[in-house]
Amino acid sequence: MVSSKWRRQDGSDPNRIRLDEIDRLILGELMADARIPNNVLASKAGIAPSTCLGRVRALRDAGVIRGFHTSVDLEALGLLVYALISVRVHPQARNKMLAIGQHLRMLPNVQSVFLLAGDQDFLVHVACRTPKELRDFIAGHLGSDPAIANTQTNLVFDHLIPED
């Protein structure tokens, strides 16, 4: 149940929640370092540790915080070839877009799947060990799927992310 301090802004969108400045500060700190100790987080937010813990719990319960994840160096796992694959679905399969997206998400080597607006339907981020493994992934999982009309593969040379 959502805390009463987070009232729905608009009855037509039950997922919109009002966040105050302390909530935003907590979220910013957690996005920068999800392992930050609660007492340090509370100090940065200027609130008591018990209050901070309650706010984080309420943010999780409300679905604002969806989870805590480990960022892994894919190269350390031997995954050296990255690609972004644009996927277009056959018009006859458009009524199954979410199911297709869920299927893509579960394929081996898939890191992320984005459902798009525009001339492409999905963008699939994959990480493979070799170019041959990437080719086999595309042929075996995408090229053989009757719901998929076509794909376009872009190799990723580098992923530039903001520094802390």
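The values are calculated or read from the model by the stated rules, or taken from the named source; none is laboratory data. Keep in mind it's a predicted model, so treat the numbers as computed, not measured. Cβ placement follows ideal geometry from the backbone for every residue including glycine, while neighbour counts extend to all protein chains displayed. These accessible areas exclude ligands, DNA and RNA; they are computed on the full protein's heavy atoms, side chains included. Shrake-Rupley method; radii C 1.70, N 1.55, O 1.52, S 1.80 Å.
Okay, here's what the table says:
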quantity: Top-ranked residue of segment 1-47 - restricted to ones that are aliphatic (A, V, I, L, M), within 25 Å of the chain's Cα centre (by Cα) and part of a loop (DSSP other than H, G, I, E, B), ranked as modelled with the highest pLDDT; calculated: I36
quantity: Pairs where the first residue, in segment 21-40, is in contact (Cβ under 8 Å) with a residue 60 or more places away in the chain and within 16 Å of G67 (Cβ to Cβ) and the second is of a type in the set (S, T, N, Q) and open to solvent by 50 Å² or more (accessible area, probe 1.4 Å), C-beta under 6 Å, 6+ apart; calculated: none
quantity: Boolean, S112 is in contact (Cβ under 8 Å) with a residue 12 or more places away in the chain and surrounded by 14 or more Cβ atoms within 10 Å (Cβ to Cβ); calculated: no
quantity: Qualifying strands (runs of 3 or more DSSP E) (wholly inside segment 48-164; at least 3 residues being under 21 Å from the mean Cα position of the chain (by Cα) and farther than 30 Å from I26 by Cβ); calculated: 81-89, 122-128, 148-156
quantity: Residues being within 28 Å of Q111 (Cβ to Cβ) and open to solvent by 70 Å² or more (accessible area, probe 1.4 Å) - total across segment 34-60; calculated: 2
